Structures are given as C-alpha cells and as structure tokens.
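The values are calculated or read from the model by the stated rules, or taken from the named source; none is laboratory data. Bear in mind that the values here come from a model prediction, so they are computed numbers and not experimental data. Here the Cβ positions follow ideal geometry from the backbone for every residue, glycine too, while neighbour counts run over all protein chains shown. Accessible surface areas use protein heavy atoms only, side chains included; no ligands, DNA or RNA. Shrake-Rupley method; radii C 1.70, N 1.55, O 1.52, S 1.80 Å.
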Amino acid sequence: MSKIIQLWILLPNPPDNLVDELQNTVFEFIWNRKQDRISRKTAIKNVTKGGLGIPKIREYINALKLIWVRKLKTSNHKWKSILKVSYPKVLLLEQLGSSLNVKDCHLNKFWAHVFQAYREFGRKIYVEKSEELAAEPLFCNDNIQVENRNIFYKNWIDSGVCYIKSILNEDGTFMTVKRFTQKYDINTNYITYIGCVQAVKSYIRKTGLTVEKNKSTDLTKTLKIIYGAQKGARLYYEVLIQTNSKPNCCDKWDYKLNLDINWNITFKKIHKIREIKLKWFQIRLVHRILATNVVLMHMGVENDITCSFCKKERDAINHIFWRCDSIKPFWEQLQIALNDRGVNAVSITLNESIVLFGHDVNFRSDDTFDLIILVAKFFIYKCKVKKIIPQFHFFKQYLRNTFEVYKHNSKVNMSYNKFMT
Ligand SMILES: [Zn+2]
C-alpha cells in the first residue's frame, strides 16, 4: 500500500474525504467489517509501543511531504530557484516558525501541502530545554500569538530579530523597549514590543521551562529533527502519530493483576515474534481481546461463563492461562522439563507475569524460552476451544511438531542457521 500512497502524494491535492475513506477501509479490513476490537488511537501505534502498526494515511502522506522541507536544505536543484521566486518566505525558513501562511503560496498546491504538513509537524514538537526554547522563532509560530494571531514584523526580521533569544538579555530577562530599539536600531512602538514580550512569556509559562541565559541551539527543534533524518520519512511519521496515551489494556491489567508490569518490554517482545499466527495470538492476549466464555456467552455462542477447564470459576484470560487449578499441573511439569533441559542458564520459577507477558522483574529469558512459553499458551488456548484439559505429554508432541514446521520454514526463508542457533 505504501507504494500507492507514494504515487498518490505526487497528485497535487489528495481529497480529504478520499483519505478518510481509505483509512476506514483499512480498519474495516483489519476487523473484518465488524466493530473495532482495539481503539484506532492504539491500533495506529507502532507494535513496540503497544499498537498494531496500522498506517495512518494522512500522517503518512504528510511525512512523505516533509522530505521536501529537508530537500530545501540538502538539494541544489533548479526547482529551488523557482520556488524562491514564487514564495520568498522559503528564504527565511530557518528564521521563521513552521506556520508559514500557505495561502501566500502561489506556486502550486503541492508546495502548499508541503508547508501545511510542515505546520502540522511543528505542532507536534515540544521544546524540552531552555536552549531549544530560546531558539524558537518569534514569527509564524503558532505558540506565540498576539490577539490570537501569529505575528510577522518584517522590519524586525530585517534587523536580525527572529528568535526568542533576540529579545533576551544575557541573564535571560527580557529587554526593555529602550534597550531593544537601541540595540537593533528598530523603529517600533511600545505596544507592539510589549505585546510580543507578553506572548512569549505566556508561551514560556506553558512549557514549564525557565530561561536563565540567552544561549540557544543553532536551529529550531522542528528543523533540527527534519534536517537530522538522513533518509526516508519514518522518523517524521513517528513524530506525527505520537501520543502520550498508553493502550487501554495497560491500566486494565495493572488494576486486575496488581503486578508491576514493564509494558515497554511486553510490547517489544510482541514485536520480536516472527510467526504471524503466534504474534496475533499474543497481541490478542495482551490487549485482552482473546475470546473468553464471558464474551462468547454475550455473543450467544456459549451458554456458560465458567472456565472450560475447571468449570468452577468465571472464565478470564489470566484464569485460563495461570490461575485455574486444572492448568497448574501443566505449568509445573513444563517448569521441571525446562529446568532439566537447562533451556535457560539459571533455574526458572514460572509465575503469572512470565506466563502472560513473557517477562518479569529480575528474570531474563532468551528467544527459545520465549517461544516455548508462547507455544504453550497457544496450545492451552487450542485446548480451551476444544474443551479438553491440556495434557503435558500431548504438548511435548505439539511443541516438537511446531519446531519441525519452524525448521522447515527457516530453510525456506534462508534463515536456517539463525533458527538452529
Ligand atoms: Zn478454571
């Protein structure tokens, strides 16, 4: 699909409703035209961040367009001269914020969209250090507004006043109007200057930072990131889709288990699973969308909400995989077998966190161990569906068969040596 989108961005103006429609089609495909099982906000996240890595099309297109902002710095092609004539603000790219007024752009819609993408990117960048704050541009910056509008004072720019640091004294305090007009030899009135200072002060308050000196980085943080990428647009895409929110499942598990689960490790481990069937299984387990009898009864498939193994307790993911009395002997035998064979360097004591998420504090596993636990859970789930209590000797056979299949696949994929290691 990425190839289609790459071709598509060459169109001057991909219509918004078409982008929305395509995005909906992607989600409908994933969930087989049924209701979404994982929120879209979570699903678009990278797998290592707890998502499904589903592409967010508008952001994907924007990320590709940002490559052209980078090319303004790195390319010496003739198109640059044409652009500079038709849109002179480009010459001030490093002096201005990312909110260049795209209505000014008479050249063509393509460039208008590039600068629109640049603006949206700029809104996702948050300064975190005093030096980055001081390097923030005063003009065309959505964070610095007077009467709800961005400002642009051409005579200030001509005199070299472009950044927050330009109006700061050595100690980080703001210049007086007198000092400002004298230093830059600018003819500006008191109200204009104070209006700008107030807007900057209000922005600084929002960042929670304090400016102690007028030292700054050499570029705005936005451009530093854009120029910093060597190639491609992945980095831009990651910035555009980033949110601080955790997937919903994290809070639910934390509340339910009362364990200190490191979610970063959990999601990284999912990312490492190569076999797609097992990966999807573990995603469903972690995101709590694996069908339990409670859900199946709700759907009218089952007529009982109790566990398929013990038939006593209410069915739940952590119950069938760990807490159920009928499943305990299975894990005990697996633990003995793992320690006998020395799969891990140190002896292993399985627990709920290791079984469900593949890790625990103070416990380091390896790929083989992770795979065995994962296949064991998958085996248990298959038994649950068939309503038979998992037997360890059947599992051993199942594991052997699974390894044979992987061995064969690794030969096909030319990764046999890696597999054998
Ligand atoms: Zn049970």
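Observations
- Qualifying residue in the stretch 99-115 (condition: among the charged types (D, E, K, R), more than 22 Å from Leu64 (Cβ to Cβ) and part of a helix (DSSP H, G or I)): yes
- Condition broken by Asp142, with the remaining ones in (1) under 14 Å from Ile226 (Cα atoms); (2) outside the structural domain of Ile61 (by TED's automatic domain parsing) satisfied: (1)
- Of the helices (runs of 4 or more DSSP H) lying entirely inside the stretch 257-311, those containing at least 2 residues that are more than 16 Å from the ligand (Cβ to nearest atom) and open to solvent by less than 10 Å² (accessible area, probe 1.4 Å) are 263-272, 276-286.
- Lys377 fulfils the conditions (1) over 30 Å from the mean Cα position of the chain (by Cα); (2) not in a loop (DSSP other than H, G, I, E, B) except for a single criterion, (1).
- When every residue of the stretch 353-363 is checked against the conditions, at least one turns out to be of a type outside the set (Gly, Ala, Ser) and either outside the structural domain of Trp263 (by TED's automatic domain parsing) or within 16 Å of the ligand (Cβ to nearest atom) (or both).
Residue-wise test of (1) open to solvent by 70 Å² or more (accessible area, probe 1.4 Å); (2) in a loop (DSSP other than H, G, I, E, B).
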position	(1), (2)
Gln35	yes, yes
Ile38	no, yes
Thr42	no, no
Lys45	no, yes
Ile54	no, yes
Tyr60	no, no
Leu66	no, no
Asn76	yes, yes
Leu83	no, no
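- Selection from the stretch 202-256 of residues that are farther than 22 Å from Ser99 by Cα and crowded, with 18+ Cβ neighbours inside 10 Å: Val211, Asn214, Pro247, Cys249, Cys250, Trp253
- Residues of the stretch 312-326 satisfying the condition of being open to solvent by less than 10 Å² (accessible area, probe 1.4 Å), assigned to a loop (DSSP other than H, G, I, E, B) and either more than 7 Å from the ligand (Cβ to nearest atom) or among the charged types (D, E, K, R) (or both): Asp315
- Pairs, first touching a residue at least 60 places away in the same chain (Cβ under 8 Å) in the stretch 293-318, second open to solvent by 100 Å² or more (accessible area, probe 1.4 Å) and away from the ligand (no atom under 15 Å from the Cβ), C-beta under 6 Å, six or more apart: none
- Qualifying positions in the stretch 59-99 - closer than 20 Å to Asn143 by Cα and in contact (Cβ under 8 Å) with a residue 60 or more places away in the chain: Leu92, Leu93, Glu94, Gln95, Leu96, Gly97, Ser98
- Of note, Gln95 satisfies the criterion of being open to solvent by 10 Å² or more (accessible area, probe 1.4 Å) and in contact with a strand residue (DSSP E or B) (Cβ under 7 Å, 6 or more places away or on another chain).
- Residue tally, condition surrounded by 16 or more Cβ atoms within 10 Å (Cβ to Cβ) and either β-branched (Val, Ile, Thr) or on the phi < 0 side of the Ramachandran plot (or both), over the stretch 353-387: 24
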